[in-house]
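*Asks:* Before we start, here is the structure in question, set down as structure tokens.
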Amino acid sequence: VQLQAFGGGLVQAGGSLRLSCAASGRTFSSDDMGWFRQAPGKEREFVAGISRRGDSTYYTDVVKGRFTISRDNAKSTVYLQMNSLKPEDTAVYYCAVKGRYSASFYYTRNYDYWGQGTQVTVSS
């Protein structure tokens, strides 16, 4: 499985970015997906998750109402729309494939495959 994340960059506080993650090597529509982020000196943390059909989504509290996860199974791509960005959103963002027998979206240990990450920097 290969995951390629892109769309990161430098943005001012209050701005928006849309991350994309293209998957290959597996039946994308069979996989739950997640976005995580890792800031310098901090552990990788869950940001958002989406079920394989896209009918269920999950968010960490600090991004609810600002970020939206979505997917296009025909394009084997998952997205993260980030609005009202804050300096504390600065991190490397990773997409990941959740294990098919893992229930929770929230833990890094439940994900089998990871993309290379894309840097998001929000200036104040």
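*Asks:* Take TYR111 and tell me if it is within 18 Å of LEU3 (Cα to Cα) and buried (at least 17 other Cβ atoms within 10 Å of the Cβ). Explain how you work it out, then say what you get.
*Replies:* Details: within 18 Å of LEU3 (Cα to Cα): yes; buried (at least 17 other Cβ atoms within 10 Å of the Cβ): yes.
Considered against the rule, which asks whether it is within 18 Å of LEU3 (Cα to Cα) and buried (at least 17 other Cβ atoms within 10 Å of the Cβ), TYR111 comes out as yes.
*Asks:* Moving on to the next point. Look through the range 6-48, keep the residues that are of a type in the set (D, E, K, R) and within 11 Å of the chain's Cα centre (by Cα), and return whichever of them is most open to solvent (accessible area, probe 1.4 Å). It would help to see each step written out before you state the result.
*Replies:* Going through the range 6-48, the residues of a type in the set (D, E, K, R) turn out to be 18, 26, 31-32, 37, 42-45.
Adding the requirement that they be within 11 Å of the chain's Cα centre (by Cα) leaves 18, 37, 45.
Details: ARG18: 126, ARG37: 15, GLU45: 79 Å².
The qualifying residue most open to solvent (accessible area, probe 1.4 Å) is ARG18.
*Asks:* Six or more apart or on different chains, Cβ atoms under 6 Å: show the pairs whose first residue is in the range 7-19 and under 12 Å from TYR79 (Cα atoms) and whose second is open to solvent by less than 20 Å² (accessible area, probe 1.4 Å) and among the hydroxyl-bearing types (Ser, Thr, Tyr).
*Replies:* Listed pairs, sorted by first residue: GLY7/SER20; GLY8/THR118; LEU19/TYR93.
*Asks:* To continue, here is another question. Do we find a residue being of a type in the set (S, T, N, Q) and within 13 Å of GLN38 (Cβ to Cβ) anywhere in the range 93-107?
*Replies:* Within the range 93-107, none of the residues are of a type in the set (S, T, N, Q) and within 13 Å of GLN38 (Cβ to Cβ).
*Asks:* Of the residues in the range 75-108, how many are over 15 Å from the mean Cα position of the chain (by Cα) and either of a type in the set (Lys, Arg) or open to solvent by 40 Å² or more (accessible area, probe 1.4 Å) (or both)?
*Replies:* Summing the residues that are over 15 Å from the mean Cα position of the chain (by Cα) and either of a type in the set (Lys, Arg) or open to solvent by 40 Å² or more (accessible area, probe 1.4 Å) (or both) in the range 75-108 gives 8.
*Asks:* Given the structure, is ARG52 open to solvent by 40 Å² or more (accessible area, probe 1.4 Å), basic (Lys, Arg) and touching an Asp or Glu at 6+ places or on another chain (Cβ under 8 Å)?
*Replies:* Values: open to solvent by 40 Å² or more (accessible area, probe 1.4 Å): yes; basic (Lys, Arg): yes; touching an Asp or Glu at 6+ places or on another chain (Cβ under 8 Å): yes.
In short, yes.
The values are calculated or read from the model by the stated rules, or taken from the named source; none is laboratory data. Please read all numbers here as calculations on a predicted model, not as lab measurements. Reconstructed Cβ throughout: ideal geometry from the backbone, glycine too, with neighbour counts over all protein chains shown. Just so you know, the surface numbers come from the protein's heavy atoms only, side chains and all, with ligands and any DNA or RNA stripped out. Shrake-Rupley method; radii C 1.70, N 1.55, O 1.52, S 1.80 Å.
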